[in-house]
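These notes concern the structure reproduced below.
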Amino acid sequence: MGIQKHMKVFTVLSFLRLRSADIFWYQWVYPTIIFTVITGGLWLIDDGVFTFDGSKFINDINTLMGILMGFYIAALAAVSSFTNENLDQIMKGRAPTLTSSRKGGIKETLTRRRFLAVIFGYCASLSIFLYIFGVLAVHINFLPPAEPWLMKAVELAQKGAWVFYMWGLSSLLVVTLLSLHYLVERMHRA
């Protein structure tokens, strides 16, 4: 119980703990494919004829993240407070489940409302993380260290941060499209 009360901030990442027959594809496979295609494309484009300006890219993404944060939070509030009996029914078909750590490992089969809340909570938090990361990336410059091994460590850390950022963007894109599909198509087939 001691550590659980400190883990509340990670509740927003519950989307990554959902289990269902095909949710793994939306959590990991599709974002990784998109990340690989985009990163590979950027690597191929940056060949001298075309160049890629990472700071301008991050500035543009930050503009979008500023808008999306508000959208996701408003969507989460709407889903949480909208009065509709269909939202409180267990999802049909292969309904996702979520194992609750605070209830002793009880597996919860999700209602439509809970599923959408988990998705929009994940998207809102991911957009906030990406926005903060983007602001820091644009405004923090590293001076090259004198030690060659330290320079290599900084370079590896920057590449790792770029991988995290691009995979996060890919995940946000996939989960946003999943949530829009659910709102546009599945919600009306109660």
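The values are calculated or read from the model by the stated rules, or taken from the named source; none is laboratory data. If you're wondering where the values come from, they're calculated on a predicted model, not measured in any experiment. Virtual Cβ from ideal backbone geometry, glycine too; neighbours counted across all protein chains shown.
Scanning region 68-89 for residues that are over 26 Å from S171 (Cβ atoms) and surrounded by 11 or more Cβ atoms within 10 Å (Cβ to Cβ) turns up N84, N86, D88, Q89. Candidates are the residues of region 173-190 that are surrounded by fewer than 15 Cβ atoms within 10 Å (Cβ to Cβ) and modelled with pLDDT of 90 or more; the one that is nearest to the chain's Cα centre (by Cα) is L177. So, N86, is that one of a type outside the set (S, T, Y), in a helix (DSSP H, G or I) and either in contact with a strand residue (DSSP E or B) (Cβ under 9 Å, 6 or more places away or on another chain) or closer than 30 Å to K159 by Cβ (or both) or not? Criteria not met by N86. One residue stands out among those in region 119-172 that are β-branched (V, I, T) and loosely packed, with under 13 Cβ neighbours inside 10 Å: the one that is nearest to S55 (Cα to Cα), which is I140.
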